[in-house]
Amino acid sequence: MLLEQSGTPDERKKYRKAAEIILLKTLHREPENAGARALLQSLRAAAPEQSREDVPFREDVPFIVAPARTGSPERDVKRKFRLKLPFVLILMLAAGGGILRIVQSHRLNPNALAATAAQKARPRELDFRRDVSPAPQPVPVSSDIPAPAVDPVPEPTPARRVLVVRTPAPPPIATSTAVGKLAVSSPIAAEIYAADRYVGSTPTTLELPAGRQTLEYRHGDLRTTASHEIKPDETATATITFSVTLQINAKPWAQVFLDGAQRRPLGQTPLSDISVPIGGVLVFENPNFPAKSYRITEKDSAIQVNFP
């Protein structure tokens, strides 16, 4: 601390002289103290020539402090210790107040704690010299050496608090849903479900929201689904059919057609695993006989037609 003091050239000279006396007494008590020896060498290397003449001392000559001629040595030490006690108390109070303010500032501003930790992580030469130097001991010094000045601990700037107010999102604006109609029919009666909810049975006209709607149609154990495009304020139409798989045959033979708006040929008998709609009409033709027809039901699994 004495080496780091600033001021006029005379004041810096006194501080360096006091530091050199402390280091010499330390080496007198502990000749093997490497930290004190290193500080003394650096002090002498940086000090001007006249400072070396003021304190004549060689490293190999032991330093001897002559006791005072008047009074008891123990009484002098106690008197000087009592004189220095107020300064020690002031230093301790100042250090305690600084630590308390730093802790309070870290609590108010968590970012300051991370910055202080990062600053302490960087090694500095001054910190190294402070670590290796021994703890200062109360030693008697000359009365003409002034006490070191204590710099006031700067009061930390209080951290600014930012108040964040969260407002709930506004509720969605209700809009009217456009609807349309669906007129649905089927060759056989069928129940209509929307997401497992019964909505009616064919034939009927349903009122549904606009958009693509998927409905399920049931007839006994038969199931089928269909998607319908519903337009606002319009009526769509749909015809629902259920399919069965049949085995079809005729004697002696026949060409089979599925009757309807567009006649669809199925092939010549015998036919296997033919999927046809329930309620549809099969037409059997043989050039040697009159044509025959057959309406498909949900109970059919095989159809046999005989000519004539």
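Whole number please: convex hull volume per residue, Cα atoms of region 251-308, in Å³.
Cα-based convex hull of region 251-308, divided per residue, equals 82 Å³.
Once the Cβ-Cβ distance between Ser227 and Asn306 is put in as r, and R0 is 35 Å, what FRET efficiency do you end up with, to the nearest 0.05?
E(calc), rounded to 0.05, equals 0.25.
What FRET efficiency, computed as 1/(1 + (r/R0)^6) with R0 = 25 Å and r the Cβ-Cβ distance, is obtained for Lys84 and Arg37, rounded to the nearest 0.05?
E between Lys84 and Arg37, to the nearest 0.05, is 0.45.
With +1 on each Lys and Arg Cβ and -1 on each Asp and Glu Cβ, and nothing else charged, work out how big the dipole of region 210-308 is about its Cα centre, in Debye to the nearest 20.
Its charge dipole is roughly 240 debye.
Multiply the residue separation of Ala291 and Gln255 by 0.36 nm, subtract the distance between their alpha-carbon atoms, and state the gained length in nm to one decimal.
12.0 nm
Bear in mind that the values in this text are calculations on the coordinates, not laboratory data. Since we're looking at a predicted model, the values are computed, not measured. Virtual Cβ from ideal backbone geometry, glycine too; neighbours counted across all protein chains shown.
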